[in-house]
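These notes concern the structure reproduced below.
The values are calculated or read from the model by the stated rules, or taken from the named source; none is laboratory data. Here the structure is a predicted model, which means the values were calculated and not measured. Cβ atoms come from the backbone with ideal geometry, glycine included; neighbour counts cover every protein chain shown.
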Amino acid sequence: MSESVPRYWREIKIRERLIGSKCEDCGRITFPPRKVCPYCRSRKLTEVELPKKGKLLSYSVVRKPPAEFEKYAPYVIGIITLENGVNVISQLTDIDLKDVKIGMELEGVLRKYREEGEEGLIHYGIKFRPRIK
């Protein structure tokens, strides 16, 4: 699956900085960013940078991924509750499958998502790893 270079660059801020939206009317924060608040339907939204620390709420081990991700299997996808209460879905990194535990403290780090062949784009974004204390 190939992605256009212009689209990749337009979305880089969201992928690499964990950007969400905050509704000026109801105060709710959503991720990914939206143009309309899903709670009150307001169009008065501002960009906010989300915290990169949170706890693992739930997870799943992906053993049979789509073809473009087969070389990365098995890997863990988790729901992470960030410090501000927003839930995000992300891949876990820098951890053995046997060490993944509900409630563990995590932190967002920039990592490679995938690459489009030898001469295509290399996609980077936020993944979560165990928090270093």
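Do the conditions hold for ILE132, that is, is it under 15 Å from the mean Cα position of the chain (by Cα), of a type in the set (A, V, I, L, M, F, W, C) and modelled with pLDDT under 95? Talk me through it step by step, then tell me what you get.
Working: under 15 Å from the mean Cα position of the chain (by Cα): no; of a type in the set (A, V, I, L, M, F, W, C): yes; modelled with pLDDT under 95: yes.
Criteria not met by ILE132.
Applying the selection to region 34-48, what residues are loosely packed, with under 14 Cβ neighbours inside 10 Å and either in contact (Cβ under 8 Å) with a residue 40 or more places away in the chain or assigned to a strand (DSSP E or B) (or both)?
Passing the criteria: THR46, GLU47.
Quick check on LEU18: is it at pLDDT 95 or above, within 21 Å of PHE128 (Cα to Cα) and touching a Pro at 6+ places or on another chain (Cβ under 9 Å)?
Against the criterion (at pLDDT 95 or above, within 21 Å of PHE128 (Cα to Cα) and touching a Pro at 6+ places or on another chain (Cβ under 9 Å)), LEU18 does not qualify.
Just the residues that are surrounded by 15 or more Cβ atoms within 10 Å (Cβ to Cβ) and not polar (S, T, N, Q), please, taken from region 90-104. I'd like the intermediate steps shown before the answer.
In the first step, residues of region 90-104 are kept if they are surrounded by 15 or more Cβ atoms within 10 Å (Cβ to Cβ); the result is 90-93, 95, 100, 104.
The answer is LEU92, ILE95, VAL100, MET104.
Against the condition under 17 Å from SER58 (Cα atoms) and within 15 Å of the chain's Cα centre (by Cα), how does GLY78 come out, does it pass? Break it down stepwise before answering.
On the way: under 17 Å from SER58 (Cα atoms): yes; within 15 Å of the chain's Cα centre (by Cα): yes.
Considered against the rule, which asks whether it is under 17 Å from SER58 (Cα atoms) and within 15 Å of the chain's Cα centre (by Cα), GLY78 comes out as yes.
Which residue, of PRO65, PRO51, PRO74, is surrounded by 12 or more Cβ atoms within 10 Å (Cβ to Cβ), farther than 22 Å from ILE19 by Cβ and at pLDDT 90 or above? If you could, list the steps in order and put the result at the bottom.
Working: PRO51 fails: farther than 22 Å from ILE19 by Cβ; PRO74 fails: surrounded by 12 or more Cβ atoms within 10 Å (Cβ to Cβ).
Exactly one of PRO65, PRO51, PRO74 is surrounded by 12 or more Cβ atoms within 10 Å (Cβ to Cβ), farther than 22 Å from ILE19 by Cβ and at pLDDT 90 or above, namely PRO65.
Return only the number of the condition from (1) at pLDDT below 90; (2) within 15 Å of the chain's Cα centre (by Cα); (3) not in a loop (DSSP other than H, G, I, E, B) that ARG7 does not satisfy.
Tallying (1) at pLDDT below 90; (2) within 15 Å of the chain's Cα centre (by Cα); (3) not in a loop (DSSP other than H, G, I, E, B), ARG7 fails exactly one: (2).
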